[in-house]
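Every read-out reported here was derived from the displayed coordinates using simple, explicitly stated rules and does not represent laboratory data. Every value quoted in this text rests on a predicted model; they were computed, and no experiment measured them. Ideal geometry is used to build each Cβ from the backbone, glycine not excepted, and the neighbour counts take in all protein chains shown.
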């Protein structure tokens, strides 16, 4: 403790040196047309400074805000002409989710759902992202969405879209976000932020396609396996050639879970329904913090890292839960041209997508118009890879959506497309 | 310390500037943090001197005096130290158990400025003792049980407690040294334990509740120390030793960068990587329900 004044002065001097390194003080990215590859999006000369800011201004409320955010399998429509700036909030939080019948686990999420919200933008749009790390706060997403008009329009319909509601949970950890659709300096933009902190960052969607976003903190495998992934659909500036003919669009996200049953002993007999204060006793409808119907006990399944390293998932799921797309099938009408935005979030396995009874008429690898293929029976996607596929449904019936690895059989990596004439 | 070196907040800077205990940059940051604490009167300059405005009694009774001598030695920490892997830890004393809610209650009774409704928010964030019923009443929730490890305490609070109790926080290396020696020696059992630890880190609050329900927080299930390993991240004196500056974060380990820091590929290494980054991504005022602490002391 000697010489406090000297130390304090030294500290001030040292902090002064840091000021020059903080994000936001860097020279603004000033791209020029000359730097851009021909035919691809160019950087704007008036782009704001790169980097992210992290603040302590804690805020409660709905975890998902943005006009073009939606829950899989739905894609929010773009109603603007040309380009715009999207203000998007996707908070990070833990929930008790279900991987399949009777299988509950503590999921790490963007926005309270697995997969996280689907963001739809147009090539050239700017995205201003805000996220508060609420992994130490008990949140009941469906209540937030239903009761808070600030929520994304599709999130407000969450009660219809996701009948098995996620319950509050706590899993405090620092998080990070990495939008693969963005071209930024990652060490200045994809920063981590601790529970209670809020990050703000911006990026421009310079390339069309279907891109993952995820938590880049270690362990990436664990974060993704626990549900912390989402999708940005960047629609091409000029669209796809078949835009006028597409009747319906859906988003399909494949992912793996590595869960093992957690040891449970007297925990089951614990009469304390709310051991960590994970459920709020505040029934104020306006704050959306009503106590959910079943608080239950501790989650029954837990992350199995050894299985993840070996690549042997306990479940492989479409849109976050085994059998979800069987229980709630996609629908179409005979003769419809269907467009699917398909992505494999891994985290480990490569997989092949096929629909029984269907040949894909058009395939755009990565969702990029220039990467067009025709007439394939299947598309193979490694983790983070994506495709936009289109096909015409020939007849009434039930078609099976398959991400096929024979070892995935019976683990949930399939769904149903129900086709009926005149389906609305 | 050169301006260029201080500006190296990227990976390269962290590796070359990272020092073990006694390193200049982290010591400077922490000394200055402690200066802030001292200047605010919240922490006594010496353990015997009571903070201003508090009673002068020194702790007795529920405060843990059950300190275990740890014999110093060398070990391989999870993260590289520059180009060196092996590091040396001097002998020291470490609490057998994490500080409990009962012990922490004695602390806030004697030090009103650390009560939940009194503490300045710059020293403790939103989650400070969030699961307690009131300032001086932990209440009936499982995590608030008298014998449960106290969680929802900031680094400032933990430091203040340890000083009040006549000790200090352990250093990162001291703590990791004890953890490494608390895992089973048998490689297969060690791997299983590391896998269980990763499961804890994925679901720390539920894991802690389960351990409390099974009575595994009173006695060590193996080894000497209680909840070592455990689901709770524990504060150490230099928890930010892997970070040099504010804002830009050298532990920003985006996809695939971690191989620069961790040479091993075992589950123990991977659990360590999650633990290091989780711990060093906290701020000194972070008070979450998966962070607690235990105290250490120098051997007189």
Notebook entry, point to check: For peptide A:303-310, how many partner chain Cβ atoms fall within 10 Å of a residue's Cβ, on average?
Noted result: 5
Next item on the list: Rank by packing, highest mean first: peptides A:306-319, A:361-374, with packing defined as the count of other Cβ atoms within 10 Å averaged across residues.
Entry: A:306-319, A:361-374
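For B:293, A:211, what's the fewest-to-most ordering of other Cβ within 10 Å of each Cβ?
Ordered from fewest to most neighbouring Cβ atoms within 10 Å, B:293, A:211 come out as A:211, B:293.
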Item checked: Relative intensity, log₁₀ I(q)/I(0), of the range A:310-421 from a Debye sum that treats every alpha carbon as a point, q = 0.09, 0.11, 0.16, 0.22 Å⁻¹ -> -0.22, -0.34, -0.72, -1.28
Notebook entry, point to check: If each Cα of the range A:145-185 is one equal point scatterer, what is log10 of I(q)/I(0) from the Debye formula at q = 0.29, 0.30 Å⁻¹?
Noted result: -0.92, -0.94
Note to self: What does the C-alpha gyration tensor say about the overall shape of the range A:158-219? Classify as rounded when a/c is under 1.5, otherwise prolate if a/b is larger than b/c, or oblate.
What the structure shows: oblate
Next item on the list: From zero up to wherever the largest Cα-Cα distance of the range A:100-259 sits, split into 5 Å bins and tell me the percent of pairs in each.
Entry: 2, 8, 15, 20, 21, 17, 10, 5, 2, 0
Notebook entry, point to check: What is the average number of partner chain Cβ atoms found within 10 Å of a Cβ in A:182-190?
Noted result: 3
Item checked: Between the range A:198-252 and the range A:357-384, the Cα center-to-center distance that results, in Å -> 17 Å
Item checked: Förster radius 25 Å - calculated FRET efficiency between residue A:396 and residue A:327, Cβ distance, rounded to 0.05 -> 0.75
Checklist line | Label-reachable residues, the range A:170-187, where backbone N falls under 19 Å from a point 7 Å from residue A:78's Cα toward its Cβ | finding: A:179-183
Check: If you average 1/r over all unlike Cα pairs in the range B:119-163 and invert the result, what Kirkwood radius do you get in angstrom?
Finding: 11.1 Å
Check: Going highest first, how would you order A:254-261, A:146-153 by mean Cβ packing within 10 Å?
Finding: A:254-261, A:146-153
Margin query: Please rank B:100, A:221, fewest neighbouring Cβ atoms within 10 Å first, as an exposure proxy.
Written below: A:221, B:100
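Need one value for B:278-287: mean number of C-beta atoms belonging to other chains within 10 Å of its residues' C-beta atoms. Show your work: numbers first, answer last.
On the way: counts 7, 1, 3, 12, 7, 8, 0, 3, 8, 4.
The shielding value for this peptide is 5.
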Next item on the list: For residue B:116 and residue B:299, compute 0.36 nm times the residue count separating them, minus their Cα-Cα distance, and round to one decimal in nm.
Entry: 62.6 nm
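Quick one: A:105, B:276, fewest Cβ neighbours within 10 Å first, how do they rank? Please report the intermediate quantities before stating the final value.
On the way: A:105 29, B:276 25.
In increasing order of surrounding Cβ atoms, one gets B:276, A:105.
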Next item on the list: Mind jotting down a quarter of the surface of the convex hull over the alpha carbons of the range A:62-130, in square nanometres, one decimal?
Entry: 5.1 nm²
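What is the ratio of the Cα radius of gyration of the range A:114-189 to 2.2 N^0.38 Å, where N is its residue count, to two decimals?
Cα-based Rg divided by the globular estimate yields 1.30.
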